[in-house]
Structures are given as structure tokens and as C-alpha cells.
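Every number here is computed from the coordinates shown, using simple stated rules; none is lab data. Predicted, not measured: the structure shown is a model, and the values here were computed from it. Cβ sites come from the backbone with ideal geometry, for glycine too, and all protein chains shown count toward neighbours.
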Amino acid sequence: MGVSSQSFQAILDDLYHKYKTLDDGKVASYIPELAKMNPNWFSICVVTADGRVFVAGDAEQLFTIQSISKVFVYGLALEDHGREAVLSKVGVEPTGDPFNSIIRLDEYSKRPDNPMINAGAIATTSLIKGNGATERLNRMLDMFRRYVGHDVYIDMSVFVSERSSGHRNRAMASLMRHFGMIDDRMDESLDLYFQQCSMMVNCRDLAVMAATLANRGINPITGDRAVPTRYIRDILSVMYTCGMYNFAGQWAYTVGIPAKSGVSGGIIAIVPRQVGIAVFSPPLDTHGNSVRGIKVCEELSRQFELHMFDPPMGCSHLLEQLGAVRGEG
Ligand code: DON
């Protein structure tokens, strides 16, 4: 990145102070428990692929991970079943529709479009292997533990709130059951989906999870493998094309790195082999993305030329490799 640790920390602090007073957006309220979040909560955390941690704001504040969980459960489904089997149940096509849209789930398509929208995420969760609800939940929590580097817990109030207000998710699950996309453990899988959304994390945890993806599946703090390297490509591809709801195209154009947001106000973004970025701030824009989170990521991408298609990255890496081969010859 060509920047000292001190000046990088100073840049994060500046971004934090610059956007702390921005009060656009609304805290999600369609799940009653989420409405209790404080709109002033705000933190930024960057973890490098070699395990250095930079924090601005209160990165210890706990909140529920929500849709950011979809990324990691997708990885677990791939690990449990392999690429082809997962692809037969969940596609990889962006929709341009809101995350909770049910309209494309019809007799013609049957298969949900991608694992980042609710329908696809429920289908993905239904693929988690295990003998009964407890074993499946424990396998899921164990997977999250490898990413964050410590035990994780579920916020029971949010879980119950999700479950009692999740009629639309239940409708999607029933349709997918009818189409044969999910098996007869539908209620168990829905509970598992509500539980994964209700898992508690803080901004630092999210940045470590993001850095684990940046570091090809190995947690850079603990050294534990969280997901096989061969699935990083699958995970980052769908994050890039589908991770920011129906803002994904604009995000790819302006910020240009794989990312995922959640309705509690978290965003993770991954610069492969370099850093994992996390921002947490509950007020959301009309797409459901954190307003301050988008601003911070846009600025970081611009200042450090993080966009995938900024010249210094992919191309020069390939050129380096070509140079090495030529040198050997
Ligand atoms: O299914 C729901 O309503 C939420 N628990 C999902 C949360 C979320 O962040 C939606 N985003 N894709």
C-alpha cells in the first residue's frame, strides 16, 4: 500500500471523524429488535493479511451479523457438498432486486438466483450437514469460530424477533421446498438461518473474518484454516457481483472490491492477499446498505487504489509472474 502504519491509522481516524456527524439513513426496523440499535454507533477496522489490526471508533460494540453471515455459510455449503452440488441448488446470478424479493422464485426458475439474497441464503443454509438441529447449529458456530478466532454466541432476542417476523422468508422456504430446492428439514433450516443472522460480532471480528478471506481462508491472527482455499474464488465472485443488494453494480464500479453488507449496518470488503475491511454504522440507505459504511469504503478504495481494475493490482501481479518465468528460462 506504500504507507506507514502511523499514517494509515491517521487516515482511518480522519475518516471516522469526517463521517461521525453524517446522519443520513435509517436504522432497520422491519425486525423489531433491530430498531433498538443506536444510530451513533460507528467503527472502522482494517486487518491485514499478515495480521496487523487498525481500528477507529468503538470496534468492540456487539451487534448481529445479519446478511454478512451469508458469505460464510456459502463457504460451509461448498465445503460440505462441493461446487457442482451447491450450484444445482443456488445460482450465481445477480438479480438487481431487493434482498428479500420473492418474484424470481417461480415455476420457471425454481432455483434461487444467488446465495446473497434471502432465498439463496436459506437454500445454502439448508445444505449445512449434520444430524439434527443441534449438530448443524454447532457445525455452523464452529465454522464462524474459525473465522473470528473465538467462541461466538447468538442474540436470543434478535433470533426470536427474526423468527416471529420472518413470514416472507418462510414463504420463500415453502416455495423452494415445493420446487425440491430444499429438503424436508425446512423448519429446522429456517431456524438455522435466523440463528446465523442473529450471531453477535463486533467490527473487529468482521474485519478479521474479511482478512481471513483476503488471506486465502486462513485466519491471519490465529493461523487456523476457516475454509479451503479452492472456495475463496467462489465466495469472492458472488460477493463482487451480488454482495451489496441492488447497489452491487454501482459498488463494483466505484469501490471495485468484493463486499457484503447486512441490515444491522455492517459492511465487509476484501482486497485479496492484502486486507480485510469492516465498517459498522446502523443507519441504512434505501438499498439497505450502511450510509457511513459506503462512504468510508469509497474513500479507502479511492485513496489506496483498491479497485480491482486499478492498474497496480491484478495486471502487475501477473506481469511479475511472467517476469519470473522468463527469468528462469
Ligand atoms: O432475512 C432477514 O430478514 C434478515 N435477517 C436478513 C438480514 C439482512 O441483512 C438482509 N440482507 N441481505
Nearest 10, in degrees from 0 to 90: the angle of helix 5-20 to the longest Cα principal axis of the chain is 50
For the stretch 56-62, Karplus couplings with θ = phi - 60° (6.51, -1.76, 1.60), whole Hz, Gly/Pro x:
10, x, 8, 7, 9, 4, 7
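Give the relative contact order (percent, whole number) for the stretch 67-197; include only Cα pairs under 8 Å separated by 6+ residues.
30
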Let me see the pair-distance distribution of the chain: every alpha carbon pair, 20 Å bin width, integer percents in order.
34, 58, 8, 0
Simple Cβ-charge dipole of the chain, Lys/Arg +1 and Asp/Glu -1, about Cα centre, in debye nearest 20:
260
Among P311, P39, P220, which one moves the most in a GNM of the chain with springs linking Cα atoms closer than 10 Å?
P311
Would you mind checking the tilt of helix 167-178 against the longest principal axis of the Cα atoms of the chain, expressed as 0 to 90 degrees and rounded to 10?
70
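Starting from the Cα gyration tensor of the stretch 1-132, multiply each eigenvalue by 5, take the square root, and state the resulting semi-axes largest first in whole Å. Intermediate values should be presented prior to the final figure.
On the way: eigenvalues 240, 87, 42 Å².
They are 35, 21, 15 Å, listed from largest to smallest.
Hey, could you grab the Kirkwood Rh for the stretch 24-93? Inverse mean 1/r over distinct alpha carbon pairs, Å, one decimal. Don't skip to the answer; put the middle values down first.
Values: mean 1/r = 0.0642 Å⁻¹.
Over the stretch 24-93, the inverse of the mean reciprocal pair distance is 15.6 Å.
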If amide H atoms are built 1.01 Å from N in the plane of the peptide, which residues on other chains or at least 5 residues away come under 5 Å of the amide H of G266?
S281
Taking only the Cα atoms of the stretch 67-197, how large is their convex hull per residue, in Å³?
101
